[in-house]
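A quick write-up on the structure given underneath.
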Amino acid sequence: MCGKNVQCEFRITKKNESGSWAFLCCTECRGKWISSLRPDHVVEKPRLIFEKMCGMCGKDLANFSRSGQYSWETREFCTKKCLTSHLYEVAGECHTCHEKVRCIFIGKYCVRFGSDIHQFCSNTCLERYKTKIKVCCYCQKNLEKVEKVTSLASKDYCSMKCLKRAQRRDIGQQNYSEHHVCTVCQATGLNRYEFLTNQESYQLCSDPCLNVYKYVNQVKAVTCCLCFRILNAEDVGQYLYHGGHQLRVFCSDSCVNVFILSARKIVVCDTCKVKKYNFDMIHRQVDEDFRDYFYCSLNCLNTREQSLG
């Protein structure tokens, strides 16, 4: 409506089409748009913080049965069709030799390296890539994309934050010793909280100062589930639903990576019995028996569902 590049409160959807057609930033723009609303368009409710959306078409998953949903590599999908479209989009080409991946291997040789997800056409290409890549010693982020930080022990990290967390020197950890001025009371000391908002960091020494800061700035605070930094809920860009229903909020890619490293477990493909990490598997939970089903590839998922009718 107004053409401003801002965080929008409303979205417009087109009837009988998936995803969002356009966005409206505020109530005023919404009122103007509705006055000339086309018959095949719908203005939806204000966007919810941390709403659970399909990773392909953007539909609200709250409107779908859990039994029909799938998850893969921390993304949720409303239907098997959306899952299949996403897999062919991101896993259609081998990351090493750039050859087209055969349909029976889509997802099978797909592996997460930090925050990067790469598909390979065979185990040979996967092992060849493993010998060349250099990753952060803490969060496994690819060091080719960042300016690395090296510790006195000659270990490489993607950022100073990862170096500090590995050495237990980050805020809230036992070896933390940095003194800063509290944003609220202006006292200099060992602060208890770090509040991140609008890409700025604010140091807070205590619970009373944290509460004052939240009240004065009228912010809804959430906590990064890994490093426990405080975030403005409206600024959060990194979150996932672990196991399909448990909300996990993060302040950065590195925190997402470390959470996945700590929460992953080896599971067995329900079709071919191959073992992989759960985040690298296609996951489906059936409401009737509350059992988790894992499939190493799209081919194994299709084979299993065809055998079950």
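The values are calculated or read from the model by the stated rules, or taken from the named source; none is laboratory data. Everything numeric here is computed off the predicted structure, so don't read it as measured data. Positions of Cβ are generated from backbone atoms using ideal geometry, with glycine treated the same way; all protein chains shown enter the neighbour counts. Please note that ligands, DNA and RNA were not included when accessible areas were found on the heavy atoms of the full protein model with its side chains. Shrake-Rupley method; radii C 1.70, N 1.55, O 1.52, S 1.80 Å.
Is it the case, given these coordinates, that HIS95 is modelled with pLDDT of 90 or more, assigned to a loop (DSSP other than H, G, I, E, B), closer than 23 Å to CYS158 by Cα and not small (Gly, Ala, Ser)? Yes. For the residues VAL222, VAL267, VAL236, the requirement of being without any contact (Cβ under 8 Å) to a residue 40 or more places away in the chain and open to solvent by 20 Å² or more (accessible area, probe 1.4 Å) singles out VAL222. Checking the stated criteria, GLY114 turns out to be surrounded by 20 or more Cβ atoms within 10 Å (Cβ to Cβ) and modelled with pLDDT under 90. Residue-level check: of (1) surrounded by fewer than 16 Cβ atoms within 10 Å (Cβ to Cβ); (2) without any contact (Cβ under 8 Å) to a residue 24 or more places away in the chain; (3) out of contact with any Ser or Thr (no Cβ under 7 Å at 6 or more places or on another chain); (4) over 15 Å from LEU226 (Cβ atoms), ASN198 misses just (2). Among residues of the range 165-191 that are farther than 14 Å from TYR202 by Cα, those with a beta-carbon under 8 Å from a residue that is open to solvent by less than 30 Å² (accessible area, probe 1.4 Å) and basic (Lys, Arg) at least six positions away or on a different chain give the pairs GLN173/ARG165. Taking the range 285-304 as the range and being over 18 Å from ALA91 (Cβ atoms) and either open to solvent by 50 Å² or more (accessible area, probe 1.4 Å) or free of Cβ contacts under 8 Å to residues at least 60 places away in the same chain (or both) as the test, the residues that pass are ASP287, GLU288, ASP289, PHE290, ARG291, ASP292, TYR293, ARG304. Taking the range 101-110 as the range and being open to solvent by 30 Å² or more (accessible area, probe 1.4 Å) and either of a type in the set (A, V, I, L, M, F, W, C) or modelled with pLDDT of 95 or more (or both) as the test, the residues that pass are CYS103, ILE104, PHE105. ARG192 satisfies every condition listed in (1) of a type in the set (D, E, K, R); (2) farther than 30 Å from LEU163 by Cβ; (3) open to solvent by 30 Å² or more (accessible area, probe 1.4 Å) except (2). Within the range 134-149, residues that are on the phi > 0 side of the Ramachandran plot and open to solvent by less than 30 Å² (accessible area, probe 1.4 Å) have Cβ atoms under 9 Å from residues that are in a loop (DSSP other than H, G, I, E, B) and modelled with pLDDT of 90 or more in no pair, counting only partners at least 6 apart in sequence or on another chain. Scanning the range 269-290 for residues that are over 20 Å from LEU83 (Cα atoms) and outside any loop (DSSP other than H, G, I, E, B) yields one hit, LYS275. Quick check: anything in the range 119-138 in a strand (DSSP E or B), under 27 Å from SER254 (Cβ atoms) and either at pLDDT below 90 or of a type in the set (D, E, K, R) (or both)? Looking through the range 119-138, none of the residues is in a strand (DSSP E or B), under 27 Å from SER254 (Cβ atoms) and either at pLDDT below 90 or of a type in the set (D, E, K, R) (or both). One residue stands out among those in the range 70-92 that are among the hydroxyl-bearing types (Ser, Thr, Tyr) and over 14 Å from the mean Cα position of the chain (by Cα): the one that is farthest from GLY58 (Cα to Cα), which is TYR88.
When you scan the range 49-59, do you find a residue that is open to solvent by 40 Å² or more (accessible area, probe 1.4 Å), at pLDDT below 80 and at negative phi, even just one? Yes; the residues of the range 49-59 include at least one that is open to solvent by 40 Å² or more (accessible area, probe 1.4 Å), at pLDDT below 80 and at negative phi.
Over 18 Å from ARG112 (Cβ atoms), part of a helix (DSSP H, G or I) and either touching a helix residue (DSSP H, G or I) at 6+ places or on another chain (Cβ under 9 Å) or not charged (D, E, K, R) (or both): is that true of SER67 in this structure? Criteria met by SER67. Screening the candidates LEU83, LEU24 for the property of being modelled with pLDDT of 80 or more, of a type in the set (A, V, I, L, M), closer than 26 Å to LEU261 by Cβ and surrounded by 18 or more Cβ atoms within 10 Å (Cβ to Cβ) yields one hit, LEU83.
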